[in-house]
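Report on the following structure.
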């Protein structure tokens, strides 16, 4: 099992550019989560999906952020336009049947720097 | 979700046991208690979880107080690779909210 795969590992972009982060969950997992981590705010849950359907996006900071899950094996988190305060490490995680009785598996993260 | 209180940091000598405490006095009866850890420059990693009874796995043990208002993660023999931030998360739903955790330093 390759685990949760995120790409790219690092992204440096200029303010105002569109950024797309990608995630491939573990095969068979039906929940997918996007988190953001900064020194100031720690790990924040942005949005999560169940069976490819967004369930709770209340953590998405602004309309500049959007997430999709077109199929069970792929999800994207898009920031358009990007701003320096979006600089953070973005993690994707997946789980079988939710996190309550099963653990999450996290990817290695994408470190985003907006200059 | 229940609020948690964990020490900001702890130290342990290598090969000695480590007891990481967590207070979750507002936990509900159906909240599982999850522990995750995050090694430097990596994503969080599942450690262990339980509901009422103490739990053991290859990584650690979880001791849950009888009133469930606190729990303790036990690393039986700390190694340098156990240096990480440890998060205690009481959870009812399918989403986890991470607090600030305990940063564990292992001294050689």
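All of the numbers you see were taken from the coordinates with simple rules; none came from a lab. Note that this is a predicted model, so its numbers are computed, not measured. Cβ coordinates were reconstructed from backbone atoms using ideal geometry, including for glycine residues, and neighbour counts include every protein chain displayed.
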Exercise for the section: Would you be able to tell me the number of residues in segment B:70-83 that are surrounded by 15 or more Cβ atoms within 10 Å (Cβ to Cβ) and part of a loop (DSSP other than H, G, I, E, B)? Expected result: 2
Practice task
Could you look through segment B:1-31, keep only residues that are within 12 Å of the chain's Cα centre (by Cα) and assigned to a strand (DSSP E or B), and pick out the one that is surrounded by the most Cβ atoms within 10 Å (Cβ to Cβ)?
Solution key: B:22
Problem - Those residues of segment B:32-52 which are part of a loop (DSSP other than H, G, I, E, B) and at the interface with chain A (Cβ under 8 Å from one of its Cβ atoms), in sequence order - result: B:42, B:43, B:44
Completion exercise
Checking B:87, B:97 in turn, the sole residue that is within 12 Å of chain A (Cβ to nearest Cβ), under 22 Å from residue A:105 (Cβ atoms) and assigned to a strand (DSSP E or B) turns out to be B:87
Exercise for the section: For segment A:19-62, enumerate the residues that are away from chain B (no Cβ under 14 Å) and farther than 21 Å from residue A:111 by Cα. Expected result: A:27, A:28, A:52
Handout entry: Selection from segment A:90-104 of residues that are within 13 Å of the chain's Cα centre (by Cα) and more than 7 Å from chain B (Cβ to nearest Cβ)
Key = A:90, A:92, A:93, A:94
Practice task
Among what's in segment A:105-115 and is surrounded by 17 or more Cβ atoms within 10 Å (Cβ to Cβ) and within 14 Å of chain B (Cβ to nearest Cβ), pick the residue that is farthest from residue A:2 (Cα to Cα).
Solution key: A:110
